[in-house]
């Protein structure tokens, strides 16, 4: 046994423990507006931040010290005041930023809270249904993938498929399966008012929020269906069907892919994204791969197995995408050169 490797692993686990606590405290800061208030206020003492937020100063002081240790915020030892750099503000206090971490903090903490139920599933099978995961999981997922949909979906992802943006501008039929709270659907519909959009998701609460989002943004060229993804209507056929980071978590992903193909026009395209991870465990020894591999049994796997689903998990990778697409009858699968920080994108054709 290599003692250096033993010590390295032990200290890595300590680091992971620290990271877990940092995420929980980061979620508290996000939830209670501490990051945003600190960003707006500039250098402050713990007393000043507690006063501005209406929170208990002793907790605020300890939170601030922890966040300095985590390097989420800074501290000036001369003035004794706490502050955020421009980079820290961009990531932790700005939900509109392309690399906003708010969704990461919210989703991670809420997901870990379901650990006792997942332990039961390890022993007895089954899983934790998505509807019972809690609103923070739902909201956290929306925020997690929201920056990509807001900043890159129209300008980069759709534009990466030759001729697609021009067809959308002229007017086509589009379905967004597994649309969640509808940000991806509404973003596309707002950019292409001549096209008609369908958002479909199995979670009625998410569809209700999607409807409100469309109404708030005055987007009218979209309608919503609360139903399993494999119920996507084949009439009329759709020129574009999107499935963003959802196929792997479905109860019956193969039926969904067959339904997508059946509902796709002969010259249509399916834009499918999956987590930026691999089916080879060794290839996930990087921050994004590790995040999805570790989240998978706590979320993607268990929400599928809760309904006796296939339970693909979040790390099917490119090989899994190609195998599933071929089985569903798709003739072509192209991995797009435009990739996001969290997802890899594929264009499928009949």
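For the reader, a short list of remarks on this structure follows.
- The residue list 33, 29 contains one member that is under 30 Å from the mean Cα position of the chain (by Cα) and free of Cβ contacts under 8 Å to residues at least 24 places away in the same chain, which is 33.
- Residue identified as outside any strand (DSSP E or B) and surrounded by fewer than 16 Cβ atoms within 10 Å (Cβ to Cβ) among 254, 261: 254
- Here is the figure for segment 205-226: residues that are modelled with pLDDT under 95 and farther than 29 Å from residue 341 by Cβ total 0.
- For residue 292, the requirement of being at pLDDT 95 or above and within 25 Å of residue 109 (Cα to Cα) is met.
- Remark: residue 314 matches the filter, which requires a residue to be under 25 Å from residue 104 (Cα atoms) and in contact with a strand residue (DSSP E or B) (Cβ under 6 Å, 6 or more places away or on another chain).
- When segment 210-237 is filtered for residues that are part of a helix (DSSP H, G or I), without any contact (Cβ under 8 Å) to a residue 40 or more places away in the chain and either in contact with a strand residue (DSSP E or B) (Cβ under 6 Å, 6 or more places away or on another chain) or surrounded by 21 or more Cβ atoms within 10 Å (Cβ to Cβ) (or both), the ones remaining, listed by number, are 210, 211, 214, 230.
- Qualifying residue in segment 318-326 (condition: over 21 Å from the mean Cα position of the chain (by Cα), buried (at least 19 other Cβ atoms within 10 Å of the Cβ) and assigned by TED's automatic domain parsing to the domain that holds residue 164): yes
- Condition broken by residue 146, with the remaining ones in (1) part of a helix (DSSP H, G or I); (2) in contact (Cβ under 8 Å) with a residue 60 or more places away in the chain; (3) closer than 27 Å to residue 191 by Cβ; (4) touching a helix residue (DSSP H, G or I) at 6+ places or on another chain (Cβ under 9 Å) satisfied: (2)
Matching residues to (1) crowded, with 19+ Cβ neighbours inside 10 Å; (2) without any contact (Cβ under 8 Å) to a residue 60 or more places away in the chain; (3) over 17 Å from residue 276 (Cα atoms):
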position	(1), (2), (3)
137	yes, no, yes
140	yes, yes, yes
151	no, yes, yes
158	yes, no, yes
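- Enumeration of residues in segment 238-251 that are assigned to a loop (DSSP other than H, G, I, E, B) and closer than 18 Å to residue 205 by Cβ: 246, 250, 251
The values are calculated or read from the model by the stated rules, or taken from the named source; none is laboratory data. This is a predicted model, so every value here is computed, not measured. Note that we place each Cβ from the backbone using ideal geometry, even for glycine, and neighbour counts take in every protein chain shown.
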